[in-house]
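The values are calculated or read from the model by the stated rules, or taken from the named source; none is laboratory data. Just so it is clear, the model here is predicted, and its values are computed rather than measured. With ideal geometry, Cβ positions are generated from the backbone for all residues, glycine too; neighbour counts draw on all protein chains shown.
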Amino acid sequence: MNNPQFSINNRYAEMRAAARIRERALFVSPRVPSELELQARWFAGDFGRAFVSTNGDKIDIVQFGTWNREAGPDFSDAAISINGSDPIRGSIEIDLLDRSWESHGHAANPAFEETVLHVFIEKSDREFFTRTKSNREIPQVQVDPTALPDAFSANLPLARPGRCQAPLKNLPEERVCSILDAAAKFRLQRKAARLRREIDNHGRDEVLFQEIAAALGYKENKLPFTLLAQRLPLKFLREHSPDAEALLFGVAGFLQAPDLDIYSKSTRKYVRNLWDRWWPHRDGLQRLILPAKAWRLSGSRPANHPQRRIAALAALAVNWPPFMRSLNKGDQNGLTNFLLGLEHSFWNFHFTLTAEPSPKEMALVGESRVADILANVVYPFEFSSGRDVWSEFSKLPARLSNRRLATGATRLFGDDPRCAQFLKTVTHQQGLLQIYEDFCLQDNSDCAQCPFPEQMQKWK
Ligand code: SF4
């Protein structure tokens, strides 16, 4: 006998199954998921975390890592286990095709050297092995998007909240702040110890100059700026004060082309003067000139272009004595005003040597960079000299954020509405970074064995 209720349910199930077949067909062809969607769903765990590699090994994802916003594989700080091995840390690359590894140039790119897993949807007809530049073979995992759950949120998280999130939410604000303070103090002490070692080797002024140079380089050009300040020490620049700017531009490698025609009329006179001053030094300093590849010239805001920052570094070298007088008086306002007041007739109106002049005047060093120099150079430097700066330092408002900080905040605080409040000061931001580096980046167990949540509970 026909049960009408049963047949309705059955029909609904059949209808749903048919709809799912259609949905799947739509997903694979013609709508192949974009690489970004594929990556997002991988990261969300939609494909699971246990796989069998193309050569039959059992691959477990121990840690999905974090989105990599820089050059290199899609996810960094990940960890996998092969056939139950101890976790192997590294990066994970995800492509639509296995051969994209080759066609995208990853095989020859040293930034992909630390890759531990290559994930893809489609396998080529011919066998393809994923290899790094040093010829190390990387395990391959093929995933099947047709097996995915249907729902997909386009809201891509930067990182996944960690196990800390729940206990942290229940901790009173004072306790969280006290943990962040303690981590920030630890970070400050470590930095001061490093500075003291460097001061023993190179002297106070030189180390301070190098640290400010590094801060002017931002994250992208920290290395070339440090090299510049090491290769052209403050003492040398001050002995050649009229040529200091030309020396810095020359050793930076920005005065390589003697052809002035490439510059606009308004720039030619300025570059000509740099050239005339650089020319007598060039042969003697030839070996110190940085290669063009040392610089990262794209990706930063035009006002932060390294050429503008080199001009600021030159202005600082030339005006070093008043800068040090403010520092020695412990006069933070004086230091701030000094840095904000640095001026340059060319660079106040130009983004780069080759750009057209800007109609609007801009600061040589802006407020957020000055705040960064105070927080990351001046206060640690003063602390290393034995001054008790904590009460001033801990009041500095945070002005900048970065990817690492945002990742750490997601890992620890998740969607805790108090997160922004916790990270309002420089010291709390630095405390969070310290915890992230000490715990999250050391963790190989996707939080399971990380001791931080339990330690936090006991925090008094
Ligand atoms: S690794 Fe540790 S500190 Fe980081 S989110 Fe997980 S439990 Fe928290």
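Of Phe75, Phe112, Phe64, Phe128, which residue is assigned by TED's automatic domain parsing to the domain that holds Ser53, aromatic (Phe, Trp, Tyr) and in contact with a His (Cβ under 6 Å, 6 or more places away or on another chain)? Steps first, answer last, please.
Details: Phe75 fails: in contact with a His (Cβ under 6 Å, 6 or more places away or on another chain); Phe64 fails: in contact with a His (Cβ under 6 Å, 6 or more places away or on another chain); Phe128 fails: in contact with a His (Cβ under 6 Å, 6 or more places away or on another chain).
The match here is Phe112.
Could you list, in sequence order, the residues of region 329-353 that are in a helix (DSSP H, G or I) and modelled with pLDDT under 90? Walk me through how you get there before you give the answer.
Of region 329-353, the ones in a helix (DSSP H, G or I) are 332-340.
Correct list: Gln332, Asn333, Gly334.
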Worksheet item: Any residue in region 388-401 that is touching a residue at least 40 places away in the same chain (Cβ under 8 Å) and under 30 Å from Ala252 (Cβ atoms)?
Response: no
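Out of all the residues in region 292-302, is one or more over 23 Å from Gly366 (Cβ atoms), of a type in the set (Ser, Thr, Tyr) and surrounded by fewer than 20 Cβ atoms within 10 Å (Cβ to Cβ)?
Residues of region 292-302 that are over 23 Å from Gly366 (Cβ atoms), as a first pass: 292-294.
Narrowing further to those that are of a type in the set (Ser, Thr, Tyr): none.
No, region 292-302 contains no residue that is over 23 Å from Gly366 (Cβ atoms), of a type in the set (Ser, Thr, Tyr) and surrounded by fewer than 20 Cβ atoms within 10 Å (Cβ to Cβ).
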Discussion item. So Ser298 ticks every box in (1) part of a helix (DSSP H, G or I); (2) within 31 Å of the chain's Cα centre (by Cα) but one. Which box is left unticked?
Written reply: (1)
Worksheet item: Looking at (1) at pLDDT 85 or above; (2) closer than 22 Å to Tyr436 by Cβ, which is the only condition Thr66 fails?
Response: (1)
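Are there any helices (runs of 4 or more DSSP H) wholly within region 354-460 with 2 or more residues that are within 16 Å of the ligand (Cβ to nearest atom) and surrounded by 12 or more Cβ atoms within 10 Å (Cβ to Cβ), and if so which? Reasoning before the result, please.
Numbers: elements: 367-373, 379-384, 390-393, 403-413, 419-422, 426-438, 452-458.
Correct list: 403-413, 419-422, 426-438, 452-458.
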Fill in: Hits in region 251-267 - residues which are in contact with a Leu (Cβ under 8 Å, 6 or more places away or on another chain), within 29 Å of Gln230 (Cα to Cα) and of a type outside the set (Gly, Ala, Ser)
Val251, Phe254, Leu255, Thr267
Item to complete: Out of Ser103, Ser76, Ser134, report the one residue that is of a type in the set (Ser, Thr, Tyr), surrounded by 13 or more Cβ atoms within 10 Å (Cβ to Cβ) and modelled with pLDDT of 85 or more.
Response: Ser76
Worksheet entry | The lone exception for Val176 - which of (1) buried (at least 19 other Cβ atoms within 10 Å of the Cβ); (2) away from the ligand (no atom under 16 Å from the Cβ) it fails | (2)
Discussion item. For region 78-126, give me each residue that is closer than 20 Å to Glu35 by Cα and charged (D, E, K, R).
Written reply: Glu93, Asp95, Asp98, Arg99, Glu102, Glu122, Lys123
Item to complete: Any chance you could count how many residues in region 205-214 are over 26 Å from the mean Cα position of the chain (by Cα) and without any contact (Cβ under 8 Å) to a residue 40 or more places away in the chain?
Response: 1
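Take the conditions outside any helix (DSSP H, G or I), at pLDDT 60 or above and crowded, with 17+ Cβ neighbours inside 10 Å and apply them to Gly56. Does it pass? So that I can check it myself, show each step before the final result.
Values: outside any helix (DSSP H, G or I): yes; at pLDDT 60 or above: yes; crowded, with 17+ Cβ neighbours inside 10 Å: no.
So Gly56 does not fit the description; no.
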Worksheet, complete the sentence: All conditions in (1) modelled with pLDDT of 90 or more; (2) under 20 Å from Gln434 (Cα atoms); (3) within 21 Å of the chain's Cα centre (by Cα) are true of Trp390 except (3)
